[in-house]
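Structure record follows, encoded as structure tokens.
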């Protein structure tokens with residue numbers, strides 16, 4: 001059985017944060033025109049008739065999305081939607097950081113930092129902001145209100161490409177703590193999914209002053225294969241383990257991005273359909289693991305467009321390499337910070353008795369809808385789960 005390890009205790013060095021500047025998204029029209037031109041001139045690959053998703057994202061799915069991206073998607077509408085939220089940039093340890101910061105009008109709102117994953121962006125959380133900052137408006141308890149900070153991970157979106165090596169999950173965790181303290185917060189919670197789960201869990205491992213607890217969608221602590229280890233799993237847990245096995249067999253993205261992100265980036269940065277396919281293969285559920293609810297194509301293409309316009313295909317993939325080349329993101333390093341885990345049926349599953357080996361679990365919740373991209377799919381459910389978790393610390 002794999003035993004949790006403990007990192008050597010060190011002083012949590014504060015990173016330097018520069019002056020915060022207001023930010024608004026404003027993609028030049030020439031960039032939109034170039035995208036339209038490239039989409040119109042797509043060189044399509046071949047596919048065996050009837051192969052569907054057997055070899056990757058289906059040709060019919062790709063052509064439908066590419067057509068809508070060119071003919072129906074309104075980037076300016078999405079730009080205006082995102083610009084309704086106060087956005088800012090700053091520099092932390094030499095790296096540009098973009099973030100949304102929405103303060104609740106409710107007194108004693110609890111600060112909360114939300115971290116997206118790959119191939120997501122900060123925009124995934126847009127549908128949650130109202131539920132979190134103004135629960136009163138949605139029939140909730142105003143005492144559950146949060147101040148919300150939503151940064152773009154270094155190398156992703158409007159944080160832009162990373163300017164130096166070393167931006168692994170542990171480094172980003174330090175940056176997030178520096179940002180929260182720079183904003184004036186002396187106590188706060190943190191949440192994340194996918195890459196955000198790794199980064200948020202690294203915050204828990206580091207235990208910076210003021211971090212009250214963390215909430216994640218995945219613990220990434222998997223069974224070790226020891227005889228009898230899974231004998232007492234419930235039927236639901238066994239079914240979810242089979243789901244996880246199937247997902248891992250089909251997903252190629254992690255290995256490629258851990259090893260050759262630059263090689264991959266040349267094609268994705270030059271071809272919008274290439275970028276679309278690479279992102280939408282996991283985002284659309286690998287063909288057979290998607291929630292039954294249809295994807296909102298405008299939300300999907302907003303994410304893809306952000307990667308495209310910011311040219312961050314390679315630098316976002318580099319996050320995988322940075323973690324693979326360091327000790328950051330190790331699920332078997334013990335996390336002593338009070339931790340909540342939210343389980344969604346179409347996501348990688350965490351088994352509590354396995355997760356508790358390396359995490360201080362204080363809150364465990366499950367939902368009947370939603371998946372790996374819960375913030376985008378079921379924002380009201382995830383927001384409700386965060387409110388329940390937050391009550392432990394108010």
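Numbers for the structure displayed
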{"item": "Evaluation of residue 137 against (1) without any contact (Cβ under 8 Å) to a residue 60 or more places away in the chain; (2) crowded, with 23+ Cβ neighbours inside 10 Å; (3) in a helix (DSSP H, G or I) (one fails), failing number", "result": "(2)"}
{"item": "Selected residue (only one of 154, 107, 119 is touching a helix residue (DSSP H, G or I) at 6+ places or on another chain (Cβ under 7 Å) and more than 19 Å from residue 171 (Cβ to Cβ))", "result": "119"}
{"item": "Filter pass, residue 196 being surrounded by fewer than 20 Cβ atoms within 10 Å (Cβ to Cβ) and either more than 17 Å from residue 331 (Cβ to Cβ) or at pLDDT 95 or above (or both)", "result": "no"}
{"item": "Matching residues in region 225-255 - criterion: being surrounded by 12 or more Cβ atoms within 10 Å (Cβ to Cβ), in a loop (DSSP other than H, G, I, E, B) and at pLDDT below 75", "result": "229, 230, 251"}
{"item": "Residue match in region 331-345 (condition: assigned to a helix (DSSP H, G or I), in contact with a strand residue (DSSP E or B) (Cβ under 9 Å, 6 or more places away or on another chain) and surrounded by 15 or more Cβ atoms within 10 Å (Cβ to Cβ))", "result": "no"}
{"item": "Unmet requirement for residue 60, which otherwise passes all of (1) surrounded by 10 or more Cβ atoms within 10 Å (Cβ to Cβ); (2) at pLDDT below 95; (3) in a loop (DSSP other than H, G, I, E, B)", "result": "(3)"}
{"item": "Set 314, 370: member being surrounded by 19 or more Cβ atoms within 10 Å (Cβ to Cβ) and at positive phi", "result": "370"}
{"item": "Test result for residue 354, in contact (Cβ under 8 Å) with a residue 40 or more places away in the chain, surrounded by fewer than 24 Cβ atoms within 10 Å (Cβ to Cβ) and assigned to a helix (DSSP H, G or I)", "result": "yes"}
{"item": "Those residues of region 361-378 which are in contact with a helix residue (DSSP H, G or I) (Cβ under 8 Å, 6 or more places away or on another chain) and not in a loop (DSSP other than H, G, I, E, B), in sequence order", "result": "361, 363, 364, 365, 371, 374, 375, 376"}
{"item": "Region 331-353: number of residues that are modelled with pLDDT under 85 and closer than 18 Å to residue 235 by Cβ", "result": "4"}
{"item": "Given (1) without any contact (Cβ under 8 Å) to a residue 12 or more places away in the chain; (2) touching a strand residue (DSSP E or B) at 6+ places or on another chain (Cβ under 7 Å), index of the condition residue 85 fails", "result": "(1)"}
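The values are calculated or read from the model by the stated rules, or taken from the named source; none is laboratory data. Only a predicted model underlies this, so the values are computations on that prediction, with no experimental measurement involved. So basically every Cβ, Gly included, is an ideal-geometry build from the backbone, and we count neighbours across all protein chains shown.
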